Structure formats: C-alpha cells, structure tokens
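This report refers to the structure that appears directly beneath it.
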Amino acid sequence: MTRPARLPRATAASLLVGTLLCAACMDLNVPDLNNPLIQDLETHPTRAGVITAAQGLFVGARANIAAFNGYIAVMGVLGRESYIWNAGDPRFFTELLRGPLDGGSPRFGGNLWYDRLANIRNGSITLNALAVLDTTPTFGMTKTEKAATRGFVETIEALDFLLLIDGRDTLGAPVDVNRDVSAAVAPFVSRDSVFGYIVGLLDSAKVSLAAGGGSFPFAFPPGFSGLTTPATFITFNRALKARVEAYRATLLACGAPCWTRARSALDSSFLNVTADTLLKDATDSVGTAAMLARGAYYDFGAGSGDATNALNDPAGDNERGHPSLRQQVETQVSGARDRRFLVKVDSIAPKSRIFNHTSDMGFTIYNSPVAPVAIIRKEELVLLRAEAELGLGNPAGAAALINYIRVNSGRLPARATLAAAPADTIVTELLKQRLYSLLFEGGHRWIDARRYGRLATLPNPVAGDKIFRVMPVPSDECSARALGANCTPLAP
C-alpha cells in the first residue's frame, strides 16, 4: 500500500479523528494549529502526530456501532434479534423487514459503510506516515514504537474490513483503498478476496506487534484492559483471526485448513481452554461470568464531545427484542429462564407497530449511556473453539465446550447425549448457544445463519416479512464504480 486511501465522501476523512474535531467551526483556508491536517501528517509526520492519529482509531472504530440505527441495531433486525422501534420512521419495518433495501438511504446503504471506510482511511494515512518516519529517524519514534503502532493500526483496519464484509457478503467490497483522492476509485473484489485480505492484515500485524517491544507509545481506553502491550494485543489480534477463519471455514467452504488455523489462532489468543474454561464449573458463578466477559470492548462516555451508547434503552423507545427470543429460550432446573436472557432482556409494556409487529421486551444488556460494547470476548472464543473441534472431527470436544457454556453461562442443564448426536444437531445447538451468549452484541445471529446456510430458519412470524442476505452498497458508490442497477459488483 503506497497511496493514501480514497473515501466515498471526501468530507468523511478531511481531518484525522485523533481528537474530536469541529470541521464546521473552522475556516478551512486557515490551518488549525492545534490539530495537524492530513497533508502535514503525510508530508511532515512527527511522533506526536502519528501517536494522535493512531489513538484516534479507537474513536473511529466505535463510530455508528451503538447508534439507535447503527451496526448492532440494524444487524439485529436482519437477524431477528431485535426491532428498531423508533416511532418517527416506519422504514425500519417497511424496508429492513420487507424491502427493497435502499442503497440511497443513509440508514440502510451508507450507515454501515462510510464509517468503516473512514476509519480505514485514517489507518492508511497513519501507516503512510510511519513509512515516511522509517526514512527520517530523527523524528524520535523508535523502531519498536513504529512496529507496535503499525501492528495496532493493521489490526484495527482488519476489524473494520470484517464489519464491512459482514454486511455485504456476496457483494464484496473494495480493499485497495490506500489511494490518492484524485486516483480512480478502488475496484470491488469478491467476498473471498476480502476475507483473504483481512487475514493478510492480521498476520502482518502480528509480525509487527512481535517486534513492538514492551509498550505502545500511546494510551489505550479501558475497554482494552489487559490488552495494552504489543504482546497482549497479539492475543486480541489472534482472537479476531480465529473468528475470521471460522467464518471462512463455514461461509467459504474452506473446511479443515481454516478450522486448523482457527484453532491455532485460539491457542495464541486470550483464551486458554484448560486454565480458563475446563477448570471452572457452575459453582463458580461470579468468577466464571467475569472470566467469560473478559475481552476487548468499544468505550463510550458522557463528556463533552464524547459519544454515548444509544442502545441504552430499557424502556424500548428505539430498540425492542424480537418475540422469538422468549419463545425459543430454555429454562434452568429452577424453572427460571436462561440466565443470559434474564441478564440481557426484560419485560416491558407490549406495543404493536406497522404490519402487526409486536414486542414486549426491552434490552437491559447496556445498562447505562456509557456501557461498553463487546468487540470480542472469551465466551465467543469458547464457542469458536467448539466450532473448530467439530470441524476437525472431534464432536466430543465440541459437545464438552458447548455444554460448558450451557451450564456456566446459561445455568442450563448439560445435554448428556450431545457428543453422539449427528453433526447437524450439534451445529443447531451451537448456534442456539451463540444466539444467547452473543445476543445484541454485533449481528451474530444473522452472520451465523448465513454462513451455515440457515437463513431460511430464522424466525419470521409476520407474514410478508423477508429474510435478506446482504445489505446494499450505497447508491453513490454503485454509480462511482459503474455497478449495475442492483449494485452487483463487477468481476474482481
């Protein structure tokens, strides 16, 4: 990658997100001496400028993740985890549930597209600045600091590309985006190529992080507690690699080679199956719950210029649970529902909307405006390990891990005969545990149903609703790239 990225909208990355800026409050003809412009970072980078830019990727990474109509909310509707109940806009029912999805709408076309590419753009600018610093060592950034920063940036870029392709699937996406704004737009490549590019970024980042010394030259937010050195950040990188390889194994029919790489990545992640999982049991409820919650999170704040978590909505004014959550939930021996359901969902006054969509559940998973949102945590890694074991012909190992989650996270009884069940039955059980373990954390139900070829099994109780496979590409992107009327990408 040798040129700065091109964003679909020039204004989306007119300034780095290293600090929260107010572009509308400044004369663009006069330099803002408090905030370095992109040109300064590209042509005359400094250690301070690179550090500010890299740290700003934390801010860009959370953009639109927890908006009331952002990534988690929209993906939740598509996967039948939730409804966007917002009374002011019926399109969250008419379009998201019935279609056609409008690529011109900021909610369904650009909402989960531009923010990801904007942060990738900022990451590319930071990497370009590091390349300049490689030839100008007098700027005071050590070799290990540059390696650590490069590994961090590439990991965050990989995360953003993953969220991008999770929504677009067979439409593919552009990856060669590190281009000058005057250059031709980057071509779309296939879904398989996007996943391959993500793996390349993660593996390149791992090499850089390994050479990154004992610390980063910038501070981390609280959501990355325990992952704040290059060595520990590698474990986050490997957790993402395990997720990506599991997606490739199922969605792309990669099979055993991808499962092998997923298991290897898990062995180098912040999951230690023996120490963290199998030595704990249901009697260790507090310790096990805390252990399963450990991982990486997006942070939010209520301070001036900060962003709050808009999914904090226990009254259900904007977000409501899908009726299937209660219909499909299992019960504990005591008769109480699955502990995960009880922790994340609560009963509220029932309401109905257009086409007789009804819900009486509000989400309590985000219990304050500053509640963090999981990027990836140990509970998911345990279930990814179960997937890998099943994919590599070890149903007993898969069943043990699935039952571990049933007992320790859901407080449900173990399924004693699961190991002897057909593989399809084990997958069904696995996906159910993933639903309640990862509920309303990132569209996992929709992604999982698609990659296992089970979109048709998603609950669809209201006649006329449709299950969609992909979200559209924004209409201006379609036009700029000369794509067809349905925004079908050109052959890569």
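The values are calculated or read from the model by the stated rules, or taken from the named source; none is laboratory data. Since the model is a prediction, treat every value here as computed from it, not as a measurement. No Cβ is skipped: glycine too gets one built from the backbone with ideal geometry, and neighbour counts run over all protein chains shown. Surface accessibility is based on the protein's heavy atoms, side chains included, excluding ligands, DNA and RNA. Shrake-Rupley method; radii C 1.70, N 1.55, O 1.52, S 1.80 Å.
With closer than 20 Å to Ala48 by Cβ, surrounded by fewer than 19 Cβ atoms within 10 Å (Cβ to Cβ) and either touching a helix residue (DSSP H, G or I) at 6+ places or on another chain (Cβ under 8 Å) or of a type outside the set (D, E, K, R) (or both) as the only criterion, which of Gly123, Gly140, Gly104 stands out?
Gly140
Looking at Asp180, Asp192, which is the one that is closer than 19 Å to Ala118 by Cα, of a type in the set (D, E, K, R) and open to solvent by 20 Å² or more (accessible area, probe 1.4 Å)?
Unique residue meeting the criteria: Asp180.
Can you list the helices (runs of 4 or more DSSP H) lying wholly within region 302-409 that have 1 or more residues being more than 23 Å from the chain's Cα centre (by Cα) and hydroxyl-bearing (Ser, Thr, Tyr)?
Qualifying helices (runs of 4 or more DSSP H): 324-328, 395-408.
Filtering region 65-101 down to residues that are among the polar types (S, T, N, Q) and surrounded by fewer than 21 Cβ atoms within 10 Å (Cβ to Cβ), which residue is nearest to Ala302 (Cα to Cα)?
Asn86
Which members of region 410-426 meet the condition of being within 30 Å of the chain's Cα centre (by Cα) and of a type in the set (Val, Ile, Thr)?
Thr425, Ile426
Go through the residues of region 227-234 one by one and say whether even a single one is among the aliphatic types (A, V, I, L, M), touching a strand residue (DSSP E or B) at 6+ places or on another chain (Cβ under 7 Å) and at pLDDT 95 or above.
For region 227-234, residues among the aliphatic types (A, V, I, L, M), touching a strand residue (DSSP E or B) at 6+ places or on another chain (Cβ under 7 Å) and at pLDDT 95 or above: present.
Out of Gly214, Gly200, Gly223, Gly287, which single residue is outside any helix (DSSP H, G or I) and either at pLDDT 95 or above or not basic (Lys, Arg) (or both)?
Only one candidate qualifies: Gly214.
Of all residues being touching a residue at least 12 places away in the same chain (Cβ under 8 Å) and more than 13 Å from Trp446 (Cα to Cα) in region 470-480, which is surrounded by the fewest Cβ atoms within 10 Å (Cβ to Cβ)? Just the residue, please.
Restricting to residues being touching a residue at least 12 places away in the same chain (Cβ under 8 Å) and more than 13 Å from Trp446 (Cα to Cα), the top hit is Ala480.
Are any of the residues in region 149-171 charged (D, E, K, R) and outside any helix (DSSP H, G or I)?
No, region 149-171 contains no residue that is charged (D, E, K, R) and outside any helix (DSSP H, G or I).
Count, please, the residues in region 458-469 that happen to be crowded, with 17+ Cβ neighbours inside 10 Å, in contact with a Lys or Arg (Cβ under 9 Å, 6 or more places away or on another chain) and within 18 Å of Arg168 (Cα to Cα).
Total satisfying the criteria: 1.
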